[in-house]
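The values are calculated or read from the model by the stated rules, or taken from the named source; none is laboratory data. Source: prediction; values computed, not measured. Neighbour counts are summed over all protein chains in view; Cβ atoms, including those assigned to glycine, are modelled from backbone coordinates with ideal geometry. Protein only, heavy atoms only, side chains kept; ligands, DNA and RNA dropped before computing areas. Shrake-Rupley method; radii C 1.70, N 1.55, O 1.52, S 1.80 Å.
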Amino acid sequence: MLAALAGAAGASACVGRTPSGRRVAGSIVGGAHALGHRLRDLGSLPLPSRREEIPVAILGAGLAGLSAAWTFERAGLRDFTVLELEDAPGGTARFGTGPVSPYPWAAHYVPVPPSSNRALVALLEEVGAITGRDPAGAPVYAEDVLVREPEERVFFRGEWYEGLLPRAGIEPEDAEALHRFEARMRAFAGERDAAGRRAFDLPRRRSSPDPRWTGLDALSFGDWLEREGLRGERLRWFAEYGTRDDFGATLAQTSAWAGIHYYAARLATPDSESADVLTWPEGNGRLVSHLASRAGVRLRTRALVLDVTPREGSVDVTWLDAALGETVLTRAEHVVCALPRFLAARVIAPWQERPPAFLGETVYTPWMVANLTLSDRPRSHGYPLCWDNVLYGSPSLGYVVATHQSGGDHGATVFTYYWPLVDDDPRRAREELLATNWETWMARILGDLRRAHPGLESLIERVDVYLWGHAMARPRPGFLWGEALRESARPLGRIHFAHTDLSGMALCEEAQDWGVRAAEAVLRARGATFTSLVS
Amino acid sequence: MRTPAVYLTVLVIATCGLVYELVAGTLASYVLGDSVTQFSTVIGAYLSAMGIGSWLSGYLQRGIAFRFVQVEFAVALIGGLSAPALFLAFGAAPDLFRLVLYGLVLVIGILVGLEIPLVLRLLKDVVEFKDLVARVLAVDYLGALFASVLFPIVMVPELGLVRTSVLLGLLNAVVGLWSTWLFRPLLGSPGLLRAQGAVACAILTAAFAYSDRLTELSEEGLYADPVVYTKSTRYQRIVMTRTGHHFQLFLNGQLQFSSADEYRYHEALVQPAFAARPQAGRVLILGGGDGLAAREVLKHAGVRELVLVDLDPEMTRLAKDNVMLRELNAGALSDPRVQVVNEDALIWLQHERSLFDLAFVDFPDPHSHSLGKLYTSHFYALLRRRLDPELGLAAVQSTSPLLARRSFWCINRTMEAAGFFVRPYHALVPSFGEWGFALGGVSPFETPAEPALASLRSLDGPSLRALFVLGPDMGPLPAEVNRLNNQVLVRYYEEEWRRWN
């Protein structure tokens, strides 16, 4: 029964026809949701057929869990295990491979961090993204990892324009509102509280808790824009593109604090340029590969955590080793639970008996991400093909070109196409996501892209679709600075939590910060000596 | 009515009809490429339009002969002028080309589709139906055979597309005029018709007389000299023009060289580096698909191996096979020492592992991001790693130091940022103007003083040394380093050339 469950994960192959009858192959990835759903309905806990003891167990090999493993490894604590449900590590930073190019399955870039983010700088140094230091000691980033120009373009009224925001035929009031919007965001970037903390910082926990700014969390970003008189169709679209892209949420579903954070936190000062962006063909999968290689054989995939029960001086983790089809009980002295909240809620035993109030507070946006393998670049009118290609007014977020960073401008390529399902009712959106078959998704994608790329269909070789039922937690109004989120991050005895869900913002910086901090908390509890990367 | 003469008419109009179709298909393949698609869609559109024409013939009730003659004049004018019209459309509004193409094909197809039903109706009372259908259709198909054989063998090679289409139009109009006598009994008063026919003939005669001028006004007219070769490849449009003894090569409308003075450019690109390293044995050329830089390299007996990396296989094939080019580059690309690689140079540099003594970088100017990336610090850093660590040198064409001075110094600065020791230089190439290069060494090196060969046309000791002297109007300007993630050079280049155009 359990072995059959585990077999439900992974990709399922599909073959179908485009609306004009072209035969295309592909797959649907993300089958683990079926597994999760059946796990939810699983009755009693099976008896373990194997027992093991280990100092530390890490649950979940997303960026947070892998960062915890990385921290242990750097500190010399090598006796740990990482349990991952899927057949590959990475969580929402997973990547795929194909004959043309590797490609991201979700998270696909990292903004250049400030030097003060030592953990991220250290990781980037390890993956070779930093080639040296400038005379002032600041990291110098490898040219082929910084996004290559042309970086981004937008399709608007039949033509591609440079940048994210089309300025063609813009009304003077619209232009003025955009200008004021930018000025406001720049001003926020410079604001600090009495203790010198930035109003909006990354990772989020460094931001000032001063109600002058956290009060904005009660408001939606849409309401804040309205209140500030920042109106106009272009500005609303632009701002909502940002919230959909980073948070999977509309203007009304996003807290004003989060909406402002998106812009202000990425500006070092009011006068600086927005942070450069680092990327790889496989997106943040490059970081995953590196972290996974450091974890080595201690990383176990297809490992389904079924139960986590705190004991006196230890934690019992019962999990299914799907590769062998046996149930294992791992007794760990400490646990880093780097699972998303909705999964943690199902396996932490004390929460089963008395569910804490905060468990129901996290709202997830489902996403559809598709990788389109093309035999050639499609023709387009106006500004040339960029890394990031956005369609004005589309429900999708457009596509990112996986081969862009490899340097080629001709021939076969892979487009990674993003579509957040931003309905107000995420449960219904999730049902729709999973009920929509592969062929229908393909038709929707082609329908969306066709207006910008007539003739795209004839270039399509494969369409691989990933259905993310719980892609990211929404920073809805009141959530980020509310009681629930603060409560939910508190350790449970020897269980330390790490996940972007605990920030309410699914950003790479947050994932790493949680992983490193949870691991350091464990290291401290064990009396280890190490140099902290986060304090 | 003499029916054999009517069959002759049918034969001529059938020939003309198919030729218009072939002209449209050929011209579309010629400017758009992908001949399979162009011919399929043109033939499809044409045949279906003929169907529409046949169907519309049912609505013509009276004056069939009169209508038939008018259809002849109309098809003569529209079909005859279709080639110059399409060329002009492509030159003036390339975006609308397909619209004009299929519009013309549709109209001509409808008119041609009217012809045979009208002829059948004209003869239906004179000839028994079974014989009528048999003969008219047989002659019609025979005309198609004539057209399809004569078009590629005689018409296009001897006359070109414009003259072919105008001449066949004229023939069509003459036949129309002739049929006013042929169908005299069926026509009321032929005076008006004959006047119309005369006008059509006059217009087409004039068009034929001026067909050279019409050709010039078309895309071919974008070039100063007669076009002798064109090809749209996946990557670019290659055009060759010819004047007297000289010819020119254009890529995407930009002059790459004129055979009159290219030796000045290619000697300047290649020979200074050899003057510094006469013993170089392993040489790399990036770009330079015309084989002219290769010709200069192969003059040196010490060269054992030459790798030439050019994106476009059509370009290197042309350099190898085209008589004019092959003669100019002295068959360089067929030399056993030469290995041609058709790949994006940036991608090639990322995976190549061998070392070279000398490299020559000969790309078109940085007027797009996909060319600008080949002038970035990342590109030069990759190139530097492929050069001998002590003696390695790279010569880079770096646009005009006079007309695009900041661009020129930007390339210089970018090479320095990638670790090259750079000596900029220049040469006068009349077709281009004052032209710039950068000689970069992996290690410091002396300015070359004496060419390694005595047989050069533009360079001896003093003139070689003079290349490295830049006047004050070409002196350094501050410029940012051109990086993959800023591509400042494309911006500099656009700004500077805009001032001169």
Of all the residues that make up the stretch A:111-150, how many are within 14 Å of another protein chain (Cβ to nearest Cβ) and touching a residue at least 40 places away in the same chain (Cβ under 8 Å)? 10
Can you tell me which residues in the stretch B:343-356 are open to solvent by 70 Å² or more (accessible area, probe 1.4 Å) and under 21 Å from B:Val297 (Cα atoms)? B:Leu355
Tell me, yes or no, whether the stretch B:40-51 has at least one residue that is under 24 Å from B:Gln196 (Cβ atoms), at pLDDT 90 or above, over 22 Å from the mean Cα position of the chain (by Cα) and open to solvent by 40 Å² or more (accessible area, probe 1.4 Å). yes
Filter result for B:Ala345 (within 14 Å of another protein chain (Cβ to nearest Cβ) and closer than 30 Å to B:Arg498 by Cα): yes
Which ones in the stretch A:210-228 are in a loop (DSSP other than H, G, I, E, B) and either touching a residue at least 40 places away in the same chain (Cβ under 8 Å) or touching a Phe, Trp or Tyr at 6+ places or on another chain (Cβ under 7 Å) (or both)? A:Leu219, A:Glu228
Reported set for the stretch B:224-263 where residues are within 14 Å of chain A (Cβ to nearest Cβ) and assigned to a strand (DSSP E or B) is B:Ser232
Count, please, the residues in the stretch B:309-333 that happen to be surrounded by fewer than 21 Cβ atoms within 10 Å (Cβ to Cβ) and either within 14 Å of another protein chain (Cβ to nearest Cβ) or out of contact with any helix residue (DSSP H, G or I) (no Cβ under 6 Å at 6 or more places or on another chain) (or both). 11
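Just to be sure before I move on: is A:Glu149 outside the structural domain of A:Thr71 (by TED's automatic domain parsing), open to solvent by 70 Å² or more (accessible area, probe 1.4 Å) and either more than 24 Å from A:Leu502 (Cα to Cα) or outside any strand (DSSP E or B) (or both) in the structure I sent?
No: the conditions fail for A:Glu149.
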Looking only at the stretch B:478-495, which residues are out of contact with any His (no Cβ under 8 Å at 6 or more places or on another chain), more than 13 Å from every other protein chain (Cβ to nearest Cβ) and crowded, with 19+ Cβ neighbours inside 10 Å? B:Ala479, B:Tyr492
In the stretch A:56-90, anything on the phi > 0 side of the Ramachandran plot and either at pLDDT below 95 or part of a strand (DSSP E or B) (or both) is listed as A:Gly90
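When only residues in the stretch A:200-232 that are small (Gly, Ala, Ser) and closer than 23 Å to A:Asp501 by Cβ count, which is surrounded by the fewest Cβ atoms within 10 Å (Cβ to Cβ)?
A:Ala218
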Residues that are among the hydrophobic types (A, V, I, L, M, F, W, C) and away from chain A (no Cβ under 14 Å): which helices (runs of 4 or more DSSP H) entirely in the stretch B:369-462 hold 2 or more of them? B:405-417
Of everything in the stretch A:497-535 that's closer than 13 Å to A:Gly65 by Cα and open to solvent by 30 Å² or more (accessible area, probe 1.4 Å), which residue is nearest to the chain's Cα centre (by Cα)? A:His499
Quick one: A:Gly325 ticks every box in (1) buried (at least 17 other Cβ atoms within 10 Å of the Cβ); (2) touching a residue at least 60 places away in the same chain (Cβ under 8 Å) bar one, so which box is it? (1)
Test each condition in (1) more than 30 Å from A:Arg244 (Cα to Cα); (2) surrounded by fewer than 24 Cβ atoms within 10 Å (Cβ to Cβ) for A:Pro281 and report the one that comes out false. (1)
Single condition B:Gly281 does not satisfy, out of (1) under 30 Å from B:Val469 (Cα atoms); (2) over 16 Å from the mean Cα position of the chain (by Cα); (3) open to solvent by 20 Å² or more (accessible area, probe 1.4 Å): (3)
Which of the residues that make up the stretch B:289-308 are closer than 21 Å to B:Ser455 by Cβ, open to solvent by less than 10 Å² (accessible area, probe 1.4 Å) and not in a helix (DSSP H, G or I)? B:Gly291, B:His300, B:Val303, B:Leu306
Take the stretch A:291-307 and flag every residue that is open to solvent by 30 Å² or more (accessible area, probe 1.4 Å) and either without any contact (Cβ under 8 Å) to a residue 24 or more places away in the chain or of a type in the set (D, E, K, R) (or both). A:Ser293, A:Arg294, A:Gly296, A:Val297, A:Arg298, A:Arg300, A:Arg302
Being farther than 25 Å from B:Ala275 by Cα, of a type in the set (Val, Ile, Thr) and in contact (Cβ under 8 Å) with a residue 24 or more places away in the chain narrows it down to one of B:Val396, B:Val361, B:Val341, so name that one. B:Val341
If you take the residues of the stretch B:80-114 that are out of contact with any Gly (no Cβ under 7 Å at 6 or more places or on another chain) and within 18 Å of B:Leu171 (Cα to Cα), which of them is surrounded by the fewest Cβ atoms within 10 Å (Cβ to Cβ)? B:Pro84
If I filter the stretch B:398-446 down to residues being on the phi > 0 side of the Ramachandran plot and at pLDDT 95 or above, which single residue comes out as most open to solvent (accessible area, probe 1.4 Å)? B:Gly419
Given the structure, is A:Leu85 crowded, with 17+ Cβ neighbours inside 10 Å and closer than 16 Å to A:Ala511 by Cα? no
Would the stretch A:495-517 turn up any residue that is of a type in the set (Phe, Trp, Tyr) and more than 20 Å from A:Gly360 (Cα to Cα)? yes
